[in-house]
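One structure below.
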Ligand SMILES: *Cc1c(COP(=O)(O)O)cnc(C)c1O
């Protein structure tokens with residue numbers, strides 16, 4: 001048995017250990033722990049990497065979403081279209097502002113928001129759409145833009161899992177009125193604690209977001225707006241700035257691991273790609289990067305015929321980390337009982353919650369480890 005954690009941050013962080021230690025010492029000796037030039041330098045580097053005009057460091061990915069909605073003035077009486085199959089924060093940020101989440105179904109192949117379903121659910125009260133580029137795969141950004149234009153909607157891209165992902169050459173976070181990402185340790189650019197980033201191409205929106213980040217204050221102690229403390233620490237920024245140039249390399253290694261799983265398993269009976277029109281023999285569907293430039297934040301299987309929980313137990317027994325992202329679609333969460341609109345027609349989201357299982361894909365996984373994962377999947381299908 002070979003142990004394979006779902007994610008191991010150790011090798012990645014050890015490789016840059018002395019640079020991190022030096023940055024920590026510099027920040028400590030600077031005695032400057034809030035805002036300042038280190039944060040600005042990191043924001044500039046992010047704006048360049050993402051091909052956006054403005055990048056604004058914030059306290060978390062969740063706060064990046066919340067701040068974006070606040071800057072757009074979304075509130076009570078407003079509806080926001082969002083996928084029912086995503087992490088909680090996408091909908092939580094909408095609900096916290098007193099706005100109404102509209103539960104939109106997702107594609108069973110990309111796991112991303114279905115614009116066909118969104119079109120059915122849009123109403124005169126709908127002010128925005130929050131697509132999520134789930135598991136590192138960009139939504140169709142051209143279709144998204146056309147949809148938003150046709151319905152006069154603001155776009156907030158939840159890119160928490162997709163920093164560096166593109167759709168036909170266009171980076172996620174560059175198309176929406178706002179893009180929001182996260183540096184939570186399990187994301188592709190994982191930080192040392194919580195933090196996030198807001199992006200926009202619009203000068204006025206950037207200005208508003210920057211003011212809201214510091215209690216709506218400008219100048220000092222004069223409050224134009226009711227904001228909050230959404231700041232990112234300069235220490236975090238200094239550490240992430242060291243890691244940022246390595247992100248393309250990390251993403252490339254993840255793509256290599258995805259290609260390895262495809263090569264090892266697609267020739268084995270019982271496995272197929274997660275595309276439309278799959279044969280009835282298929283037991284496990286492997287994710288497909290329809291965008292071709294995704295970043296594989298997760299490698300998420302669809303386990304058919306009700307075998308998902310059995311596979312999870314099987315892999316766990318063999319020392320392989322795996323996780324269900326996500327077991328409960330958002331409209332079924334206790335806190336959203338009776339909240340929002342559209343919950344009666346999100347059947348794919350409900351189906352996926354019973355089928356999905358994510359397996360290790362992190363950049364530093366060894367050959368031996370990923371072989372063990374592929375072998376174990378094949379062994380499960382053989383006996384299932
Ligand atoms: C991680 C994540 C968030 C929230 O980011 P935090 O930094 O943990 O607050 C939001 N949306 C999605 C889709 C995520 O995966």
* Structure fact -> Within region 110-142, the residues that are more than 16 Å from the ligand (Cβ to nearest atom) and touching a helix residue (DSSP H, G or I) at 6+ places or on another chain (Cβ under 6 Å) are 115, 122
* Checking residue 39 against (1) in contact with a helix residue (DSSP H, G or I) (Cβ under 7 Å, 6 or more places away or on another chain); (2) within 16 Å of the ligand (Cβ to nearest atom); (3) under 30 Å from residue 241 (Cβ atoms), which test does it fail? -> (2)
* Structure fact -> Counting only helices (runs of 4 or more DSSP H) wholly inside region 175-265, the ones holding at least 2 residues that are within 13 Å of the ligand (Cβ to nearest atom), under 15 Å from the mean Cα position of the chain (by Cα) and modelled with pLDDT of 95 or more are none
* Asked: Among the residues of region 159-173, how many are surrounded by 20 or more Cβ atoms within 10 Å (Cβ to Cβ) and assigned to a loop (DSSP other than H, G, I, E, B)?
  -> 9
* **Any pair with Cβ under 6 angstrom, 6 or more apart, that starts in region 80-92 at a residue that is closer than 17 Å to residue 144 by Cβ and ends at one that is near the ligand (Cβ under 8 Å from one of its atoms) and part of a strand (DSSP E or B)** => 83/132; 86/132; 90/132; 90/158
* **Among (1) part of a helix (DSSP H, G or I); (2) under 18 Å from the mean Cα position of the chain (by Cα) - the single one residue 146 does not satisfy** => (2)
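Quick grid of which residues meet (1) more than 27 Å from residue 248 (Cα to Cα); (2) within 16 Å of the ligand (Cβ to nearest atom):
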{"position": "10", "(1), (2)": "no, no"}
{"position": "15", "(1), (2)": "no, no"}
{"position": "19", "(1), (2)": "no, no"}
{"position": "34", "(1), (2)": "yes, no"}
{"position": "52", "(1), (2)": "no, no"}
{"position": "80", "(1), (2)": "yes, yes"}
{"position": "92", "(1), (2)": "yes, yes"}
* Structure fact -> Per the list (1) away from the ligand (no atom under 11 Å from the Cβ); (2) modelled with pLDDT of 95 or more; (3) out of contact with any strand residue (DSSP E or B) (no Cβ under 8 Å at 6 or more places or on another chain), residue check on residue 169 breaks on (2)
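The values are calculated or read from the model by the stated rules, or taken from the named source; none is laboratory data. Values in this document were obtained by computation on a predicted structure and should not be read as measured data. Don't worry about glycine lacking a Cβ; one is built from the backbone with ideal geometry, like all the others, and counts go over all protein chains shown.
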